[in-house]
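First comes the structure, then the notes that go with it.
The values are calculated or read from the model by the stated rules, or taken from the named source; none is laboratory data. This is a predicted model, so every value here is computed, not measured. Glycine gets a Cβ as well: all are built from the backbone with ideal geometry, and neighbour counts include every protein chain shown.
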């Protein structure tokens, strides 16, 4: 056989004959999983044409009918694997619908509260003012908590458009993007009493831009244990959204707040992350992961509001003494759209909500698998996207707009001990 220029004999055979059945068809042990040869992610038979506004599986046009059929077959699977690590992670998992026809457009936050076996989530801002809900995992019921405000600093109730959040040491922290009545802020909620307390709402008298997401860590210092809240702030006009307040004076940034010292300080500037969004931390608190939601992969690199950013995931080192960040690493590029929700599991894998679904990268940034949006949400017009999810022990909770699904994984991906000092 004459080899195609630049390709090995094995690669030429694979492109001519197609992949082996085990790498081109549903897994023999799980009909919900399709295992693809990872070579398809970086080497395709010519000619081919990709599409920035469609998924890899359904947006890649190929004349090679064997490979085209492989990708078309994978579109029908809830789980798509590009690596043995993801295949083992899925095991015999199924996509289980636990909340059908939800009367609220769920899709943000995804906060696991392991002490109470709950997932807290909020509705999307695209559906109007956002609301907070709680999913009780023991019986798959959803309730809207009856919150009570502490005295002073405004009423806090209803919450001023909650967005992201995090559970740590018995407290749920919520990022609020603000309303026409109250500025953007961070509040804490006691998950047992539902009492809301203010945490942050300004920087030396200036309002913060909308606070979108946050995560909590701690360090051991000579003064004792100090918590650090890392929060993202961004101008919502990039997404065509407004909460009825004038544009923020302060630029987009990531911030760190240390309650024990009362210090609120910017740590990552707009020059580094153009449109801050998601923020997550590794279990050992050595790394902070953040997302830039400059959607160049869906609207083009020359878009008016998006000429400097990348639809990317970045990793920073965290100082074990003061919580400050250093050593920015370009960890991953979102293929389509943006990476919104982001979580880091106990093995350092990074999970993000992207336009293709929930994408999982290993600890060094390789995309190893996908929870397929086309199966989870179906084909909708206009196209809808998942914005967030939760990792709850060995369970993935998919916030799928008008539905909630769970996937019971083959291993515990997030353990409760990471949420306590």
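The figures follow:
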quantity: Lone qualifier among 96, 101 - being outside any helix (DSSP H, G or I), assigned by TED's automatic domain parsing to the domain that holds residue 126, touching a residue at least 40 places away in the same chain (Cβ under 8 Å) and over 24 Å from residue 411 (Cβ atoms); calculated: 101
quantity: Residues that are surrounded by fewer than 20 Cβ atoms within 10 Å (Cβ to Cβ) and either assigned to a loop (DSSP other than H, G, I, E, B) or under 24 Å from the mean Cα position of the chain (by Cα) (or both), drawn from the range 57-86; calculated: 58, 59, 60, 63, 64, 75, 76, 83, 84, 85
quantity: Strands (runs of 3 or more DSSP E) wholly inside the range 111-152 that include at least 1 residues being under 23 Å from residue 420 (Cα atoms) and at pLDDT 95 or above; calculated: 118-123, 132-136
quantity: Which numbered condition residue 219 misses (of (1) surrounded by fewer than 24 Cβ atoms within 10 Å (Cβ to Cβ); (2) within 24 Å of the chain's Cα centre (by Cα)); calculated: (2)
quantity: Count of the range 203-242 residues which are free of Cβ contacts under 8 Å to residues at least 60 places away in the same chain and in contact with a helix residue (DSSP H, G or I) (Cβ under 6 Å, 6 or more places away or on another chain); calculated: 1
quantity: Verdict on residue 128 being more than 17 Å from the chain's Cα centre (by Cα), under 21 Å from residue 377 (Cα atoms), assigned by TED's automatic domain parsing to the domain that holds residue 256 and without any contact (Cβ under 8 Å) to a residue 60 or more places away in the chain; calculated: yes
quantity: Residue match in the range 188-198 (condition: in contact (Cβ under 8 Å) with a residue 12 or more places away in the chain, in a loop (DSSP other than H, G, I, E, B), more than 30 Å from residue 284 (Cβ to Cβ) and touching a strand residue (DSSP E or B) at 6+ places or on another chain (Cβ under 9 Å)); calculated: yes
